[in-house]
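Before any comments, here is the structure.
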Amino acid sequence: MARKTILTAAITGNLMTPEISPNLPVTPVQIAQHALDAAAAGAAIVHLHVRDPITSKGSMRLDLYEELVGLIRAKNTDVLINLTTGEGGRFVPSDDDPKIAATGSTLCAPEKRVAHVQALRPDICTLDFNTMWSGQASVINSPRNLEIMAQKIYAAGVQPEIEIFDSGDLHMVKDFIARSIIKTPLMVQMVLGVRFGAVATPATMAYLVNQLPKGTEWAAFGIGRASFPMLSQAWLLGGHVRVGMEDTAYIRKGQHCVSNAELVAKAARMIDDLGGHLASPDEAREILKLKE
């Protein structure tokens with residue numbers, strides 16, 4: 001049987017804004033509907049953040065996650081749910097005293113960053129290994145904090161999706177494996193095209209893929225205009241794929257996407273045109289060894 005490709009829909013993220021993407025879902029009801037529609041269009045996994053319904057900014061509120069997951073599961077018990085733990089890792093240094101946090105900082109204890117995962121026990125959650133600049137903020141994922149988060153994720157019976165943004169992140173992942181903090185086989189997501197991170201090119205992706213531990217199930221995606229080119233490249237190199245309004249505001253040059261389902265439908269057509277086959281949620285569970 002030809003290999004199946006897992007498609008993840010990244011529904012809303014925490015950095016995309018309604019000003020950039022006018023159809024961006026913000027409330028739990030909106031995010032849930034986008035997730036359900038993306039699943040109907042072919043996504044086996046929905047990757048979820050929540051946002052403050054008033055400010056539209058990324059949030060860590062458990063009640064919002066509870067509402068969101070409940071709305072999805074009320075109508076779809078098959079699609080795999082992947083919750084972020086990326087919130088709570090940003091530090092903006094003050095101009096006058098750089099060691100003091102400025103407005104926009106979210107850096108917090110690792111226990112808080114995984115509290116919703118422990119409470120809701122999704123199929124998957126992300127575990128970001130990047131420490132890098134993102135705009136005016138420094139994203140900080142210290143080895144100590146990642147170790148604490150990993151321990152709590154595994155204790156909750158959740159599969160971590162390891163997110164890497166550059167080659168150094170992968171070196172740290174291998175150190176965690178050597179110290180038995182991270183379990184193999186891995187589930188890895190490569191993020192390409194973030195400013196000051198790995199550039200979104202075929203050569204970069206090929207290099208990272210060649211450095212992965214044997215047996216890793218991996219996916220990769222590009223940011224913005226690199227979204228669909230990197231989707232094709234990931235498939236060609238034997239990986240899984242991701243698309244969504246967290247990563248891009250456009251369905252094609254100059255045209256805003258109206259929904260995550262529209263992006264997923266285009267991705268599904270591309271995989272089909274390349275000769276591939278999308279995995280169902282049950283097939284994705286089999287590939288990722290999530291079946292009990």
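The values are calculated or read from the model by the stated rules, or taken from the named source; none is laboratory data. Nothing here was measured: the structure is a model prediction, and the numbers come from that model. Here Cβ is always computed from backbone atoms with ideal geometry, including for glycine, and neighbour counts include all displayed protein chains.
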Extreme residue, surrounded by the most Cβ atoms within 10 Å (Cβ to Cβ), among residues of segment 97-144 that are charged (D, E, K, R) and out of contact with any Gly (no Cβ under 9 Å at 6 or more places or on another chain): 123
Count - residues of segment 45-91 that are of a type in the set (Lys, Arg) and touching a helix residue (DSSP H, G or I) at 6+ places or on another chain (Cβ under 9 Å): 3
Residue that is surrounded by the most Cβ atoms within 10 Å (Cβ to Cβ) [pool: residues in segment 44-91 that are of a type in the set (Asp, Glu) and in contact (Cβ under 8 Å) with a residue 40 or more places away in the chain]: 87
Candidates 129, 91 - the one that is in contact with a Leu (Cβ under 8 Å, 6 or more places away or on another chain) and either farther than 22 Å from residue 10 by Cα or modelled with pLDDT under 95 (or both): 91
In segment 118-139, the residues that are in a loop (DSSP other than H, G, I, E, B), touching a residue at least 60 places away in the same chain (Cβ under 8 Å) and polar (S, T, N, Q): 130
Subset of segment 203-223 (residues that are assigned to a loop (DSSP other than H, G, I, E, B) and in contact with a helix residue (DSSP H, G or I) (Cβ under 7 Å, 6 or more places away or on another chain)): 211, 213
Hey, residue 200 free of Cβ contacts under 8 Å to residues at least 40 places away in the same chain, touching a strand residue (DSSP E or B) at 6+ places or on another chain (Cβ under 7 Å), under 23 Å from residue 10 (Cβ atoms) and part of a loop (DSSP other than H, G, I, E, B) or not: yes
Criterion violated by residue 220 - all others in (1) of a type in the set (A, V, I, L, M); (2) in contact (Cβ under 8 Å) with a residue 40 or more places away in the chain; (3) within 24 Å of residue 265 (Cα to Cα) satisfied: (2)
Breaking point among (1) in a loop (DSSP other than H, G, I, E, B); (2) within 19 Å of the chain's Cα centre (by Cα), for residue 81: (1)
Test: residue 94 is over 20 Å from the mean Cα position of the chain (by Cα) and surrounded by fewer than 19 Cβ atoms within 10 Å (Cβ to Cβ): yes
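For (1) closer than 16 Å to residue 289 by Cα; (2) surrounded by fewer than 20 Cβ atoms within 10 Å (Cβ to Cβ), each residue gets a yes or a no:
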position: 147; (1), (2): no, yes
position: 151; (1), (2): no, yes
position: 160; (1), (2): yes, no
position: 174; (1), (2): no, yes
position: 185; (1), (2): yes, yes
position: 193; (1), (2): no, no
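Just checking, how many residues over segment 171-197 are part of a loop (DSSP other than H, G, I, E, B) and in contact (Cβ under 8 Å) with a residue 24 or more places away in the chain?
Number satisfying all stated conditions: 11.
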Test: residue in segment 244-267 that is out of contact with any His (no Cβ under 6 Å at 6 or more places or on another chain) and over 22 Å from residue 22 (Cβ atoms): no
Meets criteria (out of contact with any His (no Cβ under 9 Å at 6 or more places or on another chain) and either outside any helix (DSSP H, G or I) or farther than 19 Å from residue 241 by Cα (or both)) for residue 36: no
